[in-house]
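Below is one structure, written out as structure tokens; the observations come after it.
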Amino acid sequence: MQLISPTPAALTRTLGLLTASLFAATGLHAQDVSPAASHSAYGPSPDARTPTSDTSSDLGLTRVDTAILFYQEAGGRVKATEPVTSITFNGSDGEILSVKLTADSLTGATPNGAAPWKATQTFISPSKSKGVQTTTTSASGHSQTVTLPGTDIVASQYTADPHALPLDYGFRDTRYAVDLGYTTPIDAVTRLSFGGGLSTERDFKSLSGSFGLARDLFDKNTTVSAAVNLEYDTSNPYFGTPQPLTEMSALEKGPNQSKTVVNAVLGVTQVMNRNWLAQVNYSVGSANGYQTDPYRLISVVDGTTGAPVRYLYESRPKSRIRQSLYMGNKIALGPTVTDISGRLYHDSWGINSVTAEIAERVAITSALYVEPHLRYYSQSKANFFHDYLIDGQTLPDYASSDSRLGKFTATTVGLKVGLKVTTNGELYVRADSYNQTGAAHPATAIGDLKTENLFSGIKATSVIVGYTFAFQ
Amino acid sequence: MSYTATLQPQGLLAAAENGFVYQFGAMGSPCEIRMETHDASLALSLGEIAEAEALRIEHKYSRYLKDSCVSHINQSGGKAVALDAETVGLIAYADQCYTLSAGQFDITSGVLRRVWRFDGSANIPSPEEVDGLRDRVGWSKVGWHPPEISLPLDMEIDLGGLAKEYAVDLAVQRLQAISDTPVLVNFGGDLRVSGPRAKGGRWRVAIESVEDDSGTEGVIELSDGAITTSGDARRYLFKDGVRYGHILDPRTGWPVRDAPRSVTVAAPTCVEAGILSTLAMLHGRDAWSFLKSEGVKAWVLF
């Protein structure tokens, strides 16, 4: 007699979903047949919390997921390596404790915000006073340390080639993050969850906490949930916080800044029919405090020729209210599972966006699956977005040339391949190609800026390689 | 058409460990409900409710009963038949299982039993006899436009691979809806429990031996979910040194070669366990690796 122990694969999972729907349709009790609630007491069971699957649970099982992300932006810009390990402990009575550890190593260059120009542009970064060691100038030899004439101030100076997008090469950071989550059932149909996170890098720290409640209704055909998330961030830029919309110079000594974010999410998940699960979420959030990028500039150009006159630090409003409406669907048909989702977003900075996403998981064999996915995103610009400001005109209260606040469209095309290598272990590889397009030559461009590419959006490639396994 | 016959309960209540057992016959099998309560009248009413559910499903889905829903479909003479919501649900489920199993789970395969009689003899049908029936097998030939089904002339459907398991699941759910009493529902070896036993213990289920001496091969303990067993030691044919087990592959019309003699699968519901154990048998010699790759908790006897 041979004894086999669990971790269901595609067929079993699909069957679980279909069966849940069969009994949901009889008007009887889906609670014992829903994939999420089942698979419990006869031992360890299906996996669910792999990065791509979010339907069942790992009751009584400990799951470890280790992955490494490689991210590379085209044009020699940001390059990141991010190892992530998460451990989820599933208690036998429905409690779940999860711990996630992340380390990010970022290097490369980011656009400094200035517009490109036909001649070489020189930028001087703020730096510490003389005698104080600085590390910002260490990157790649693209900048040099200079002593500003007539002062004892050491600054870092770098240049951008003609027609090139000005990049700041002083970009190098390592981020460490810890996230904790705990979910516990308080009765047969209600779950309470708490979470907390801490993220730290040299010039930025973020602390967050969350609290959520989920309740199943109508024999678990419907789940309603509400959650609140609080976040407190402090920003302590390398050389102090610059005064917004003042000229880039060598001496900026503003104090550290902070912001608080409060976010609430209301959600409904519904079994629509025997092979369709739908989810609707509404989220509203308010961020208050310092939301400006302390390193980012905006060019002030000559109103006729477009030539750079000076560079100012950007400025963003202190308050931002965001709302979004999300609808997701998970549809199981035969050996495939389709995820289709859409999202509408609006914020008080004037950005409206639309996201549409589709992923289709196809089981090739019981141990191998492929999951192609496509994502489309389009947003309007923030009302204070400008490619540059014009010399002689009244300065606005807020101005930023950050392409993330501009109008753009982005598409992501990717493929994930997963291979079950042991009963409880899955190896997966996911590759994505991300491409932003925007207005490179806006009709309003002046002078010689008409011929420069003013869109600083990115093209990026990322690859994740991971292994997930579970044990009792 | 209504299939809600009113039937007199026939079962018997007897004392058993920690409570009562209610036993009756339905769907051609001995059935029993084990209940951990000391309230005899409650036990009797729970037993009768489960029996009523079993009889209702039998009368609705047995292919042997002339006025069952399945018989109406099988006697439709090629015309479309409109089905009630429950039947639409079951057939749609069977349809999905057909797709999911790439044709291995097929409710039209029962016709093959006309030439395959697994009586322990050496009466193997000729390839011609089998081929003569193959045109009459194949769910893809059926017109399925819910809520209507159009069965080609000479084809039949048989929900035998689904109905008993479905009845177990429904019975457990009905009993759970009216009482917290821990129950085990066992219809002819397809069984499911409502949850752990009264003091949090596990239910013990013996796996019947495939040998003739009727011992047990092992004991499974479970506190939730369902268990079914596919395979029957007594139903086979034996010729020229080859043992033909009773699991027929609907795609070939022939028994699966080297199929395990018995596959026992645990799953959240009886319906799932039943389909997984049937599919495992259809994988023949690879049954064990199929179950392993599916991560299903199972016991395989070769």
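A short reminder: the numbers here are calculations on the coordinates, not readings from a lab. Small disclaimer: the values here were computed from a predicted structure and weren't measured. When we count neighbours, we look across all protein chains shown, and the Cβ atoms used for this are built from the backbone with ideal geometry, even at glycine.
Here are the numbers for the structure shown:
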| item | result |
| --- | --- |
| Charged-residue dipole, Cβ positions (Lys, Arg, Asp, Glu), the protein assembly as shown about Cα centre, Debye nearest 20 | 1300 debye |
| Dipole-positive endmost among A:Pro442, B:Ala206, B:Ile49 within the protein assembly as shown (Cβ charges, Cα centre) | A:Pro442 |
| Spin-label pair A:Thr412/A:Asn288, simplified geometry with 7 Å Cα→Cβ offset, distance in nm | 3.2 nm |
| Shielding by partners - mean other protein chain Cβ count within 10 Å, residues of A:460-466 | 0 |
| Net length gained if the chain between A:Gln270 and A:Ala103 were fully extended (0.36 nm per residue, minus Cα distance) | 56.5 nm |
| Packing-based exposure ordering (other Cβ within 10 Å, fewest first) of B:His145, A:His163, A:His373 | B:His145, A:His163, A:His373 |
| Neighbour-count order for A:Thr66, A:Thr12, fewest beta carbons within 10 angstrom listed first | A:Thr66, A:Thr12 |
| Listed residue (A:Phe218, A:Ile321, A:Tyr398) projecting farthest to the positive dipole end of the protein assembly as shown, Cβ model | A:Tyr398 |
| Footprinting exposure proxy for B:Asp158, A:Asp93, B:Asp286 (fewest neighbouring C-beta atoms within 10 Å first) | A:Asp93, B:Asp286, B:Asp158 |
| Peptide-level mean, for A:266-279, of C-beta atoms on other protein chains within 10 Å | 1 |
| Candidate lysines - alpha carbon under 23 Å from B:Lys141, same-chain residues fewer than 8 apart omitted | B:Lys79 |
| Computed Rg/Rh of the protein assembly as shown, alpha carbon atoms with Kirkwood Rh | 1.10 |
| Extension gain, B:Tyr64 back to B:Asn123 (0.36 nm per residue minus Cα-Cα distance, nm) | 18.8 nm |
| Partner aspartates and glutamates for B:Lys60 [C-alpha distance under 20 Å; skip if fewer than 8 residues away on the same chain] | B:Glu48, B:Glu51, B:Asp84, B:Glu86, B:Asp95, B:Asp106, B:Glu148, B:Glu156, B:Asp158, B:Glu165, B:Asp169, B:Asp190 |
| Hz values of 3J(HN,Hα) by residue in the stretch A:223-232 - Karplus curve (6.51, -1.76, 1.60), Gly and Pro given as x | 10, 10, 9, 9, 8, 10, 10, 10, 9, 10 |
| Placed amide H near A:Arg310: partners under 5 Å, 5+ positions off or other chain | A:Val300 |
| Amide H within-cut-off set for A:Glu360, under 5 Å, with H built and near neighbours excluded | A:Asp339 |
| All aspartates and glutamates inside 12 Å of A:Lys381 as judged from Cα atoms, apart from same-chain residues fewer than 8 positions distant | A:Asp347, A:Asp402 |
| Given charges at Cβ of Lys, Arg, Asp, Glu: the protein assembly as shown dipole, positive-most of A:Ile186, B:Ala287, A:Ala278 | A:Ala278 |
| Those trypsin sites (Lys or Arg not before Pro) in the stretch A:287-374 that DSSP places in a loop and that have at most 16 other beta carbons within 10 Å | A:Lys318 |
| 20 Å Cα-Cα threshold exceeded, pairs from A:Lys330/A:Lys416; A:Lys118/A:Lys450; A:Lys79/A:Lys459; A:Lys118/A:Lys407; B:Lys164/B:Lys199 | A:Lys118/A:Lys407; B:Lys164/B:Lys199 |
| Mean-position separation - Cα centroids, the stretch A:274-300 and the stretch A:63-79, in angstrom | 22 Å |
| Label-point gap, in nm, between B:Arg204 and A:Ile446 - each point 7 angstrom along Cα→Cβ | 9.1 nm |
| Length gained when the stretch A:Val421-A:Arg215 is fully extended (0.36 nm per residue, less Cα-Cα span) | 70.5 nm |
| Estimated vicinal HN-Hα couplings, Hz - the stretch B:95-111 in sequence order (Karplus 6.51, -1.76, 1.60; Gly, Pro = x) | 4, 5, 5, 4, 5, 4, 9, 6, x, 7, 9, 9, 6, 9, 7, x, 4 |
| Chain B - percent relative contact order, Cα under 8 Å, separation 6 or more | 16 percent |
| Packing-based order for A:297-306, B:186-195, A:434-443, using average beta carbon neighbours within 10 Å, highest first | B:186-195, A:297-306, A:434-443 |
| Sequence-separation-based contact order of the stretch A:189-292, relative, with Cα cut under 8 Å and 6+ spacing, percent | 22 percent |
| Calculated from backbone phi, Karplus (6.51, -1.76, 1.60) coupling profile of the stretch A:191-207 in Hz, x at Gly/Pro | 10, 10, 9, 10, x, x, x, 9, 9, 9, 9, 4, 10, 7, 10, 9, 10 |
| Those trypsin sites (Lys or Arg not before Pro) in the stretch B:15-77 that DSSP places in a loop and that have at most 13 other beta carbons within 10 Å | B:Lys66 |
| Average other protein chain Cβ within 10 Å of Cβ, residues B:218-226 | 4 |
| Residues whose placed amide H lies under 5 Å from that of B:Trp203, excluding near-sequence neighbours | B:Arg197, B:Leu222, B:Ser223 |
